[in-house]
1. What is the one condition in (1) part of a loop (DSSP other than H, G, I, E, B); (2) open to solvent by 70 Å² or more (accessible area, probe 1.4 Å) that GLY55 does not satisfy?
2. For segment 1-41, how many residues meet the condition of being of a type outside the set (A, V, I, L, M), within 15 Å of THR77 (Cα to Cα), in a loop (DSSP other than H, G, I, E, B) and open to solvent by less than 50 Å² (accessible area, probe 1.4 Å)?
3. Would you be able to tell me the number of residues in segment 82-104 that are among the aliphatic types (A, V, I, L, M), open to solvent by 30 Å² or more (accessible area, probe 1.4 Å) and not in a strand (DSSP E or B)?
4. So which residues in segment 66-87 are touching a strand residue (DSSP E or B) at 6+ places or on another chain (Cβ under 8 Å) and charged (D, E, K, R), if there are any at all?
5. Sort out which residues of segment 105-116 are surrounded by 14 or more Cβ atoms within 10 Å (Cβ to Cβ) and out of contact with any helix residue (DSSP H, G or I) (no Cβ under 8 Å at 6 or more places or on another chain), and write them in order of number.
6. Test VAL60 against the stated conditions and say whether it is on the phi < 0 side of the Ramachandran plot and open to solvent by less than 50 Å² (accessible area, probe 1.4 Å).
Amino acid sequence: QVQLVESGGGLVQPGGSLRLSCAASGLIFRIYDMSWYCQAPGKQRELVATITSGGTTNYVDSVKGRFTISRDNAKNTVYLQMNRLTPEDTAVYYCYANHAVFGSAWGQGTQVTVSS
């Protein structure tokens with residue numbers, strides 16, 4: 001059974017940083033594309049960043065230059081380094097694993113709150 005467990009969320013002041021982690025199990029991690037999504041109160045879940053199995057990264061425009069997605073295939077973990085956080089980044093952040101043949105899975109989410 002595929003499990004994705006996020007950690008690293010919390011309360012941070014504007015301009016601060018957080019690093020989210022997502023530990024995966026029950027899948028061949030290295031062949032999955034991994035993504036981070038966020039969902040703010042009253043809004044739809046939206047894509048933040050993706051890193052493919054080959055290491056190619058993509059970001060939504062609002063986080064380019066501030067967030068960095070990376071993966072450690074030896075640790076079955078994907079990360080999201082978030083810098084220069086603003087209140088607009090406040091959301092629940094979800095990890096998502098996807099493979100064209102083997103399917104997809106979501107983590108349970110971790111809350112990020114940016115407030116002074």
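The values are calculated or read from the model by the stated rules, or taken from the named source; none is laboratory data. Please read all numbers here as calculations on a predicted model, not as lab measurements. No Cβ is skipped: glycine too gets one built from the backbone with ideal geometry, and neighbour counts run over all protein chains shown. We work out accessible area using only protein heavy atoms, side chains counted, and drop any ligands, DNA or RNA first. Shrake-Rupley method; radii C 1.70, N 1.55, O 1.52, S 1.80 Å.
1. (2)
2. Taking segment 1-41 and keeping what is of a type outside the set (A, V, I, L, M), we get 1, 3, 6-10, 13-17, 19, 21-22, 25-26, 29-30, 32-33, 35-39, 41.
With within 15 Å of THR77 (Cα to Cα) added as a condition, the list becomes 3, 6-8, 19, 21-22, 25-26, 29-30, 32-33, 35-36.
Next, from what is left, pick out any that are in a loop (DSSP other than H, G, I, E, B): 8, 26, 32.
After this cut, where a residue has to be open to solvent by less than 50 Å² (accessible area, probe 1.4 Å) as well, the list is 8, 32.
Number of matching residues: 2.
3. The initial filter retains those residues of segment 82-104 that are among the aliphatic types (A, V, I, L, M), namely 82, 85, 91-92, 97, 100-101.
Still in the list and also open to solvent by 30 Å² or more (accessible area, probe 1.4 Å): 92, 100-101.
Those still in the list that are not in a strand (DSSP E or B) too: 100-101.
Selection size over segment 82-104: 2.
4. Of the residues in segment 66-87, the ones touching a strand residue (DSSP E or B) at 6+ places or on another chain (Cβ under 8 Å) are 66-72, 75-83, 85-87.
Residues satisfying the conditions are ARG66, ARG71, ASP72, LYS75.
5. As a first pass, look at segment 105-116 and keep what is surrounded by 14 or more Cβ atoms within 10 Å (Cβ to Cβ): 105-107, 109-110, 112-114.
Correct list: ALA105, TRP106, GLY107, GLY109, THR110, THR113.
6. On the way: on the phi < 0 side of the Ramachandran plot: yes; open to solvent by less than 50 Å² (accessible area, probe 1.4 Å): no.
Judged against the criteria, VAL60 is not a match.
Rundown of residues vs (1) in contact with a strand residue (DSSP E or B) (Cβ under 6 Å, 6 or more places away or on another chain); (2) over 18 Å from GLY9 (Cα atoms); (3) not small (Gly, Ala, Ser), yes/no style:
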residue	(1), (2), (3)
ILE28	no, yes, yes
VAL60	yes, yes, yes
LYS64	no, yes, yes
PHE102	no, yes, yes
THR113	yes, no, yes
